[in-house]
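Asks: First the structure, which I've put down as structure tokens, then a few questions once you've had a look.
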Amino acid sequence: MTIAKPRHLLDGSHRRMFIGGAWVEAASGQTMETRNPATGAVIATVPRAGKKDVERAVAAARNAFDGPWSRFKPHERQKLLLRIADQFERHWEEICVSDTTDMGLPIARARANANRVLGMLRYYAGMATALHGQTIDNSLPGDIVSYTRKEPVGVVGAIIPWNAPTAASVWKIGPALATGCAVVLKPSEEAPLTPLLIAELMAEAGVPDGVVNIVTGTGAEAGAPLAEHMGVDKIVFTGSTVTGQSIVRASAGNLKRVSLELGGKSPVIVCADADLERAAPVAAMSVFANSGQICIAGSRLFVARSIHDEFVARLAVYAAGLRIGNGIDPETEIGPLISPRQLQRVEGYLRAGAEEGARLVTGGARLSQGALAAGNFVAPTVFAGVSDTMRIAREEIFGPVISALPFDTLDEVVRRANDTPYGLAAGVFTRDLATAHQLSRRLQAGSVWVNTYHAIDPAVPFGGYKMSGYGREGGVEHLDEYLNTKGVFIRID
Ligand code: NAD
């Protein structure tokens, strides 16, 4: 497959942000750079938005919400979402090149996301005409009819991280379009380009002015004012748990609704009866995919003691065989980390693992030979001999690092797997149906995968337990996050 020439040059040129249907600069005139994490080269500059720009974007969204957008019928929103999906499909390769260049995602993986992202848009399109309240019989005196209506919450502020700009943007904007909300989306300062491209494609598909606005800027300068804004009715946030906590505090001013998709330290449990040949690559890629920059990374690998050494050896062979490089090469399986800062953070954990006595099985260092020297590359790493209290077993690393921990009984592994403040996901490998059901019930996580991992579907709710957040993305519950329920009583006697 050839690489399409992107409409935006990605050569350091300037891009503007999208507010009220127009491409605009920051009120301050300030800009910021975004770099290719595989090469360190500046690929674009974008406006560095501040409070004034957020206010302008929220006002544009409010105008749109109060204007013609609110008179769109469900079937019109459905048609719009279907047109957007078609537009994305036509321009999918550009979207992939943008993600690969801006955040390092291997292009093969970006291309493989097409079904998921287009499926999401088409799922929301389907849901746009399926939203409804209920007629409810009441016990009131007299003859009173009661029913509920589902109404859009209004202006939604969406704040996303850098690790999956396309999917995260669609996960936030799609339900807004299905329900009739208007959105101000703030991408990560590390990877703002694909959300800008997405807004452009959406405008071309016919999204009315002001319904989707993209404000580029930092968390402190643009994210915080959006979270605090009294004119924002809801914040949907994906990012770190610490930022999630500050969003909750910021929401208190007008008690806006909040949903949070946060971090994780997900357990993967490999039972003695598992199909080890099939489990090893899946367990490895549960962390190494996207260079470990995935909230659902199965970074605590609990392996039954009787198969522990064999399984860790298989994992090491698999990890050592992965092709690492610039994601624009279709052969690349593992790309760079997003930034030098993230690289330093991951290197800190590699040192901590060694200092706390974990045994390095493979990887363990930055890759700085030849062309890789200019980028933020880390070798896929497996530590064994890890104890539950080590930092690498407790803290979210967001890098390609697996900690292997042996276990003896199911009761023990359930207790240890749940002993974390997080609860985003969990994996189980077993051939025993009873074990599969028992562990799925007992693991405290929003998603449990058995003999697979990373399975995410637009129709199935995804989200966290505990400090991995609240609210769900995917399924009917996702749309409900963007809707208010109104009770109506009409006396008819
Ligand atoms: P981050 O929390 O630092 O940043 C996320 C977004 O929040 C960025 O757009 C940032 O600019 C903005 N932000 C930062 N400070 C802010 C503030 N005070 N107010 C408002 N906005 C602010 O996270 P990150 O480093 O970009 O992403 C990595 C984290 O995201 C990891 O913890 C990862 O687990 C999590 N994540 C979770 C999911 C999920 O679905 N649960 C998905 C992807 C990533």
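Asks: Could you run the Karplus curve 6.51 cos²θ - 1.76 cosθ + 1.60 with θ = phi - 60° over the stretch 119-130 and give me ³J(HN,Hα) per residue in whole Hz, x for Gly and Pro?
Replies: x, 4, 4, 6, 5, 4, 4, x, 5, 4, 9, 10
Asks: Using a Förster distance of 25 Å, how high is the FRET efficiency between residue 111 and residue 275, based on the Cβ-Cβ distance and rounded to 0.05?
Replies: Working: r = 28 Å, r/R0 = 1.12.
Working from the Cβ atoms, E equals 0.35.
Asks: Work out from phi, with θ = phi - 60° and the Karplus expression 6.51 cos²θ - 1.76 cosθ + 1.60, the ³J(HN,Hα) of each residue of the stretch 402-416, listed in order in whole Hz, and give x for Gly and Pro.
Replies: With the stated coefficients, the stretch 402-416 comes to 10, 10, 9, 10, x, 9, 10, 10, 5, 4, 5, 5, 5, 4, 6 Hz.
Asks: Separate question: Is it possible to state the helix-based mean residue ellipticity at 222 nm for the chain, with each DSSP H run of 4+ residues giving -39500 (n - 2.57), the sum divided by total residues, to the nearest 500 deg cm²/dmol? What is it?
Replies: Numbers: 16 runs with 180 residues, N = 493.
Rounded to the nearest 500, it is -11000 deg cm²/dmol.
Asks: Pop out the ³J(HN,Hα) list for the stretch 178-191 in order, Karplus 6.51 cos²θ - 1.76 cosθ + 1.60 with θ = phi - 60°, rounded to Hz; leave Gly and Pro as x.
Replies: After applying 6.51 cos²θ - 1.76 cosθ + 1.60, I find 5, 9, x, 7, 10, 10, 10, 9, 10, x, 5, 5, 7, 8 Hz.
Asks: Taking the Cβ-Cβ separation of residue 451 and residue 354 as r and a Förster radius of 30 Å, what is the calculated FRET efficiency to the nearest 0.05? Before the final figure, lay out the partial values.
Replies: Numbers: r = 33 Å, r/R0 = 1.09.
After rounding to 0.05, the efficiency reads 0.40.
Asks: Using a 7 Å offset from the Cα along the Cα-to-Cβ direction at both residue 134 and residue 13, what is the distance between the two label points in nm, to one decimal?
Replies: Taking the two extended label points, one gets 5.4 nm.
Asks: Right, next: Computing the accessible area with a 1.4 Å probe over protein heavy atoms, can you report the carbon and sulfur percentage for the stretch 267-457?
Replies: Details: 3790 of 7660 Å².
C and S atoms contribute 50 percent here.
Asks: Taking a probe of 1.4 angstrom, what is the accessible area of residue 51 in Å², to the nearest 10?
Replies: 130
Asks: Sort 222-233, 370-381 by the packing proxy (mean of other Cβ within 10 Å over each peptide's residues), most packed first.
Replies: 222-233, 370-381
Asks: Here's a follow-up. Could you give the accessible area per residue of the chain, probe 1.4 Å, as a whole number in Å²? Write down the numbers at each step before the final one.
Replies: Numbers: 19580 Å² over 493 residues.
Using a 1.4 Å probe on heavy atoms only, each residue of the chain averages 40 Å².
Asks: May I ask you to work out the translational diffusion coefficient for the chain at 20 °C, viscosity 1.002 mPa s, via Stokes-Einstein with Rh from the Kirkwood sum over Cα pairs, reported in whole µm²/s? Intermediate values should be presented prior to the final figure.
Replies: Numbers: Rh = 23.4 Å.
Taking Rh from Cα pairs, D becomes 92 µm²/s.
Asks: Among DSSP beta bridges whose residues both lie in the chain, state the antiparallel percentage, nearest 5.
Replies: Working: 24 of 63 bridges.
So the antiparallel bridges in the chain amount to around 40 percent.
Asks: Here's a follow-up. In the stretch 1-153, carbon and sulfur make up what percent of the accessible area (probe 1.4 Å)?
Replies: Details: 3800 of 7520 Å².
Answer for the stretch 1-153 is 51 percent, counting heavy atoms of protein chains only.
The values are calculated or read from the model by the stated rules, or taken from the named source; none is laboratory data. This one's a predicted model, so the numbers in the text were calculated from it and none came from an experiment. Cβ coordinates were reconstructed from backbone atoms using ideal geometry, including for glycine residues, and neighbour counts include every protein chain displayed. Note: accessible area is taken over every heavy atom of the protein model, side chains too, but ligands, DNA and RNA are not part of it. Shrake-Rupley method; radii C 1.70, N 1.55, O 1.52, S 1.80 Å.
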